[in-house]
1. Quickly run through the stretch 78-96 and pick out the residues that are more than 19 Å from residue 180 (Cβ to Cβ) and either crowded, with 22+ Cβ neighbours inside 10 Å or within 16 Å of the ligand (Cβ to nearest atom) (or both).
2. Kindly list the number of the only condition in (1) assigned to a loop (DSSP other than H, G, I, E, B); (2) within 14 Å of the ligand (Cβ to nearest atom); (3) closer than 19 Å to residue 83 by Cβ that fails for residue 151.
3. Scan the stretch 105-128 residue by residue and report those that are under 29 Å from residue 296 (Cβ atoms) and surrounded by fewer than 19 Cβ atoms within 10 Å (Cβ to Cβ).
4. I'm checking my understanding of the structure. Among residues of the stretch 290-313 that are assigned to a loop (DSSP other than H, G, I, E, B) and in contact with a strand residue (DSSP E or B) (Cβ under 6 Å, 6 or more places away or on another chain), which one is nearest to residue 129 (Cα to Cα)?
5. Scan (1) outside any loop (DSSP other than H, G, I, E, B); (2) over 14 Å from the mean Cα position of the chain (by Cα); (3) within 16 Å of the ligand (Cβ to nearest atom) for the single condition residue 122 breaks and write down its number.
6. In this structure, does residue 316 turn out to be surrounded by fewer than 17 Cβ atoms within 10 Å (Cβ to Cβ), over 16 Å from residue 125 (Cα atoms) and in contact with a strand residue (DSSP E or B) (Cβ under 7 Å, 6 or more places away or on another chain)?
7. Which one is farthest from the ligand (Cβ to nearest atom), of the residues in the stretch 184-202 that are crowded, with 24+ Cβ neighbours inside 10 Å and in a strand (DSSP E or B)?
8. If we keep just the residues of the stretch 206-219 that are away from the ligand (no atom under 16 Å from the Cβ) and surrounded by fewer than 24 Cβ atoms within 10 Å (Cβ to Cβ), which is nearest to residue 246 (Cα to Cα)?
Ligand SMILES: *Cc1c(COP(=O)(O)O)cnc(C)c1O
């Protein structure tokens, strides 16, 4: 069976060049980057090269990049780090209702410690209104945390406007850019962010490694205590091979032609339009224009998302009901609830996320299989049968 992977927002495949770049750092250049001998210096040099590569992708300085274990740690380190370092009465954080759990659960942990948090709501668009962020600000606000692109909807948030608000008021601004780095241009100065989280495995790099950008002069209290690694921002012997992989992935992303985003957007649009054309009663969740080129989230009336994902998987197509970390949970997605979907609509929603290795044939295959899967699931839905019968009745009475 030919398999089609349409779950790139959950994780991307490792690029073969990235694997090749990492290989020597497991087998030959295995030194500890803190050691002063040849082995150590080889590892250190590789790590510093990767820091340059990541910095270049973000238009930042190498000294502003700290390597971490991934997006979740970077989000935690940014949010805890700023709030813990804040003095006096500045104990208010502004975030949104559509953040990833790496941010939401972190600010919730802060709430238990007496920090107050305002969750800015979003409308059906899935895009935050900067005016709502402005209204939420208080004199004691220390941090704004707004994600760059939402992982479920793909919607891109107006960071530049929010960055300006933060700058005017001397408030730190953090963004979870895990879904955008490597997919759309990211420039930390243009966005006006002080802290930015990214993760290697969302840009064709290895799992378990990421980075936190920390603007020069920003003081963050480290999450963990240990050695003086990463300029005292993150202790522990560095994951050298992983970091080299992240660097290589960043370099490839930067060298990628801009047409690649257009190619993916065209494939995504064909999948979306083809589905809307072939299947009745489907709606696109969230704003369609301010969106990652790779992502579409569709609500199929009368289906149950989990059943759809399993039925598609049996036919070789991998998609998801939303965030991978929430899969298997009976709670409807907090993002889809936040944009106003009813629980049954949220549970009937499916995310398709494309990536570099998807082809036009993948979309053909999906469009061949998908309508029959939806029809099969609907045919066993009692609500669907009831509606179909009553629609027939009203057609009959109209004709009669
Ligand atoms: C995947 C993801 C994370 C978590 O990153 P990990 O490296 O898996 O910890 C955080 N935020 C967003 C938006 C994500 O998509």
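None of the figures in this text is laboratory data; all of them are computed from the coordinates on show. Please read all numbers here as calculations on a predicted model, not as lab measurements. Reconstructed Cβ throughout: ideal geometry from the backbone, glycine too, with neighbour counts over all protein chains shown.
1. Kept after step one, since they are more than 19 Å from residue 180 (Cβ to Cβ), are these residues of the stretch 78-96: 80-94.
If the condition is that a residue be more than 19 Å from residue 180 (Cβ to Cβ) and either crowded, with 22+ Cβ neighbours inside 10 Å or within 16 Å of the ligand (Cβ to nearest atom) (or both), then 80, 81, 82, 83, 93, 94 are the ones that fit.
2. Of everything listed in (1) assigned to a loop (DSSP other than H, G, I, E, B); (2) within 14 Å of the ligand (Cβ to nearest atom); (3) closer than 19 Å to residue 83 by Cβ, residue 151 misses just condition (3).
3. To start, the set of residues in the stretch 105-128 that are under 29 Å from residue 296 (Cβ atoms) comprises 105-107, 119-128.
The answer is 105, 119, 121, 123, 124, 125.
4. Initially, the stretch 290-313 is screened for residues assigned to a loop (DSSP other than H, G, I, E, B), giving 290, 292-294, 301-304.
Those still in the list that are in contact with a strand residue (DSSP E or B) (Cβ under 6 Å, 6 or more places away or on another chain) too: 290, 292, 294.
On the way: 290: 13, 292: 18, 294: 23 Å.
The selected residue is 290.
5. Just one mismatch for residue 122, condition (1).
6. Working: surrounded by fewer than 17 Cβ atoms within 10 Å (Cβ to Cβ): yes; over 16 Å from residue 125 (Cα atoms): yes; in contact with a strand residue (DSSP E or B) (Cβ under 7 Å, 6 or more places away or on another chain): yes.
Considered against the rule, which asks whether it is surrounded by fewer than 17 Cβ atoms within 10 Å (Cβ to Cβ), over 16 Å from residue 125 (Cα atoms) and in contact with a strand residue (DSSP E or B) (Cβ under 7 Å, 6 or more places away or on another chain), residue 316 comes out as yes.
7. This residue is 195.
8. Here is the first cut: in the stretch 206-219, the residues away from the ligand (no atom under 16 Å from the Cβ) are 214-219.
Restricting the remaining residues to those that are surrounded by fewer than 24 Cβ atoms within 10 Å (Cβ to Cβ) gives 215-219.
Values: 215: 20, 216: 22, 217: 25, 218: 24, 219: 25 Å.
Step by step, filter the stretch 206-219, then rank; the result is 215.
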